[in-house]
Amino acid sequence: MTTAGSSNAGQAADLVEVVRYYVDKMLREVPGMKVLLLDAETTRVVSTVFSQSEILEQEVYLVERLDADKGDQLFHLKAVCFLRPTRENIARMRRELRDPRFGEYHLFFTNRVEDMRLQDLAEMDVREQVQQVQEYFGDFVALEPHHFLVPLPRPHLAMQPFSWDFGNSSDAIARMTEGVASLMLSLRRRFLIRYQRGSEICERFSQSLHHLTAIEERELFDFGNRGEPAPVLLILDRRDDPVTPLLSQWTYQAMVHELVGIALNRVDLRHVPGVKPEFAEAVLSARQDPFFRANMYSNFGDLGMAVKELVDTAGREHRSAREFQTLDQMASFIENLPDYSHQQGVTYKHVTLMSELSHAVERRGLMAVSGVEQDVACQSPSLAAHYEAVAGLVGNAGLPEADRLRLALLFALRYERDGAPQVAALLHTLGDQGVEPHRLALLRFVLKQCRADARVADIFSDRTMSSRFASLAKQHLKGVENVYTQHTPALVGLLERLARSKLPEMDYPRVDRNSSPQAPRVPRLVVVFVVGGTTYEEARAVAELNAAGEKGEGWSAGMRVVLGGTSVQNSTSFLKDLQEVMVNERYAS
């Protein structure tokens, strides 16, 4: 069995290219007509970075799931099997080899395979149809070059005390360890691991990863001394910054996720009235869609102008002299075009998404809501003024309940220490409006889970005189360019302190405390893994830091950051996960 590192793509830490390199390589190594056999997780891995047409171009006759019902015998085809090396997949592969459907089997596992499991497979391969077994380290989902997932079957476990569900929590730790270890192997780096103080799951995860990479499989992870600063893996807990996933979003990718939902770069549009069947699922991939690549981080106003230009271009192609003043006019024009080129399909997709976003903003009154959210989260403390603004919106029963709850929760997080009477009044108002008790209980539970004395990050930039001064300076420099995008995720401040060698070891200790401390050196590669999920606002911030770093600008010069987590959160999914934890608390107590 051979092990493959991504020697080309890994150097630049472009995760999409890392995964594409592996899949391209395995398909090229098996010439002729073939079937691609995947499991549930590798289906996600492959479909996120390849279109169906790209796979078919590689002489792939069929793509099947290993766990699907057996089909016809096709001995003229070779099976390329890209699988996670789990107990379940080994058992399924044994059944496949006992009654084979294909002429040859080429096995590519996403991670290290235990010798015992290889022996199990060898015992069943009595016809010697397995031609090769290799390890290709792609045990993660690459959403973007700098953004990846290690999905958990039960995502709420990332925010739940370990003792409540020891078995499933242990499985979650194991899955995160396997995924991030695979990333390390694909990048051919051994990382200095640091984790957030006070987070049980971050500490357990970091210890598990350290045990694997520095003790159990030390030789596998020994890539030699490159003469450069050790790359850093920084493990964070989502609950340390609950504000970022709760805020309304106003840049394209983040806004679509918050208002419609994105799952593995795909948007379900089946609920949109009159949507054409072929566009019921929209793919938002920077690699496959140049318009999305150019505008994924654009604010809502600039996006509207870009979409109008897209429609104007389609109009010129069809010799239309019409002027489009509204989104409805644009949508009607695109829907009634006599034929669809690829570019017209792209235009239809983005007009449909823009229409959905615009309708949601208007229906939910999000401009008013978001302006107050940003003030509470970003401006200098002003309890009376912020309470007046929040109370006015919370008391407006015409606004959606979810938005009023988010506002109340953001206010409660900001003024946890000195705003208890005002928080109680907001809860009373919500209760009088008919908000169900379990929803109010969730607000209290989130405050307990994300309380100020348990947080390490200074999410409101108000803990010290220097942080308050920096916050005021940032407001002054930023001006009023966009009042809806004032917020900067706490992650940016952590990365700046890391780049300046000022990230306190007391708050973010190294997992290997026995190693001798080295002179501070700015790491060239940093992987941040957020247990409990990342956000697209954080992904945008990391992309902007990397862009500045590549140009040699600012404190991120020469440093590349990769962001990963157990999911990509929006306000709905974040609160849903915490709701699950709250329910489980009753059974644990």
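Only one of (1) in contact with a strand residue (DSSP E or B) (Cβ under 7 Å, 6 or more places away or on another chain); (2) under 24 Å from Phe166 (Cβ atoms); (3) not in a strand (DSSP E or B) is not met by Arg189, so which one is it?
All conditions pass for Arg189, except number (2).
Which of the residues that make up segment 255-306 are outside any loop (DSSP other than H, G, I, E, B), under 20 Å from the mean Cα position of the chain (by Cα) and either at positive phi or aromatic (Phe, Trp, Tyr) (or both)?
Selection gives Phe292 alone.
Among the residues of segment 207-231, which ones are within 19 Å of Val562 (Cβ to Cβ) and in a loop (DSSP other than H, G, I, E, B)?
Phe221, Phe223, Arg226, Glu228, Pro229, Ala230, Pro231
Are there any strands (runs of 3 or more DSSP E) wholly within segment 69-146 with 3 or more residues that are touching a residue at least 40 places away in the same chain (Cβ under 8 Å) and more than 30 Å from Glu544 (Cα to Cα), and if so which?
Counting at least 3 such residues, we get 74-83, 102-109, 130-136.
Find all pairs meeting these conditions: Cβ atoms under 6 angstrom apart; at least six residues apart or on different chains; first residue within segment 433-454 and in the same structural domain as Ala408 (by TED's automatic domain parsing) and within 29 Å of Gln196 (Cβ to Cβ); second residue among the charged types (D, E, K, R) and assigned to a helix (DSSP H, G or I).
Gln449/Arg239; Cys450/Arg239
Which residue out of Leu563, Leu575 is assigned to a helix (DSSP H, G or I) and among the aliphatic types (A, V, I, L, M)?
One residue alone meets the criteria, Leu575.
Would you mention how many residues in segment 161-214 are closer than 20 Å to Cys450 by Cβ and within 22 Å of the chain's Cα centre (by Cα)?
Residues meeting the conditions: 11.
If I go through segment 275-326 residue by residue, how many of them are hydroxyl-bearing (Ser, Thr, Tyr) and modelled with pLDDT under 95?
Residues that pass the stated criteria total 3.
Applying the selection to segment 446-473, what residues are in a helix (DSSP H, G or I), modelled with pLDDT under 70 and not basic (Lys, Arg)?
Met465, Ser466, Ser467, Phe469, Ala470, Ser471, Leu472, Ala473
Pick from Arg417, Arg439: which is within 23 Å of Ile459 (Cα to Cα), among the basic types (Lys, Arg) and surrounded by fewer than 18 Cβ atoms within 10 Å (Cβ to Cβ)?
Arg417
Which of (1) among the hydrophobic types (A, V, I, L, M, F, W, C); (2) buried (at least 21 other Cβ atoms within 10 Å of the Cβ); (3) under 22 Å from Leu185 (Cβ atoms); (4) more than 31 Å from the chain's Cα centre (by Cα) is the odd one out, the single condition Phe102 does not satisfy?
(3)
Please enumerate the residues belonging to segment 154-186 that are surrounded by fewer than 22 Cβ atoms within 10 Å (Cβ to Cβ) and not in a helix (DSSP H, G or I).
Those that are surrounded by fewer than 22 Cβ atoms within 10 Å (Cβ to Cβ) and not in a helix (DSSP H, G or I): Arg154, Pro161.
Taking Val30 as the residue in question, decide whether it is more than 29 Å from the chain's Cα centre (by Cα), β-branched (Val, Ile, Thr) and in the same structural domain as Leu118 (by TED's automatic domain parsing).
When the stated conditions are applied, Val30 passes them.
Based on this model, can you work out whether Gln579 counts as within 25 Å of Thr177 (Cβ to Cβ) and in contact (Cβ under 8 Å) with a residue 12 or more places away in the chain?
no
Lys78 passes all but one of (1) buried (at least 20 other Cβ atoms within 10 Å of the Cβ); (2) under 33 Å from the mean Cα position of the chain (by Cα); (3) more than 30 Å from Arg293 (Cα to Cα); which number fails?
So the condition that Lys78 fails would be (2).
The values are calculated or read from the model by the stated rules, or taken from the named source; none is laboratory data. Bear in mind that the values here come from a model prediction, so they are computed numbers and not experimental data. Counting neighbours? That spans all protein chains shown, and the Cβs are built from the backbone with ideal geometry, glycine included.
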